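Asker: Before we start, here is the structure in question, set down as structure tokens.
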């Protein structure tokens, strides 16, 4: 049985996730730590708005690391869902966000393909790129990412993460009020 990193390298349709892990030195963690990995498919990455996709490759490393860590949960978590029916479990990611795990999805991202067991964890492919909440958990993922990356391209249509403090209930927004390029 291979480790997480070797298994990811053998999988189809997760090349972007694997390359981003390698660029951020996460490859070492995946080779030696014990994790549940929720690997977004290549198609999930290509559905990100262009500025966000580019920012993952050339933006601040902290944001790339936050996005990658959002897809890692310490330990092997999927076995604990057996017998729970459709009830969701709250888990804490390596990044520190709380996410929901059900037998069908990870924080709203549907599973794509079977569970893959490795000697140091498990892998589930998911159909969308997750994002830490950055203080705005009720916003759609694309809007949370746009908000987090707002300073990268001098985008003033949304406040950057360092210029606005958001408390639950103080700010509401829907994706129909903000145009995503």
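Asker: Suppose R0 equals 30 Å. What FRET efficiency, 1/(1 + (r/R0)^6) with r the Cβ-Cβ distance, do residue 11 and residue 76 give to the nearest 0.05?
Answerer: In this case the efficiency is close to 0.95.
Asker: Can you bin region 4-126 into rounded, prolate or oblate? Criterion: square roots of the alpha carbon gyration tensor eigenvalues sorted a ≥ b ≥ c, rounded for a/c under 1.5, prolate for a/b above b/c, oblate for the rest.
Answerer: Since a/c reaches 1.5 and a/b is larger than b/c, the shape of region 4-126 is classed as prolate.
Where a number appears in this text, it was derived from the coordinates with a stated rule and is not lab data. Nothing here was measured: the structure is a model prediction, and the numbers come from that model. When we count neighbours, we look across all protein chains shown, and the Cβ atoms used for this are built from the backbone with ideal geometry, even at glycine.
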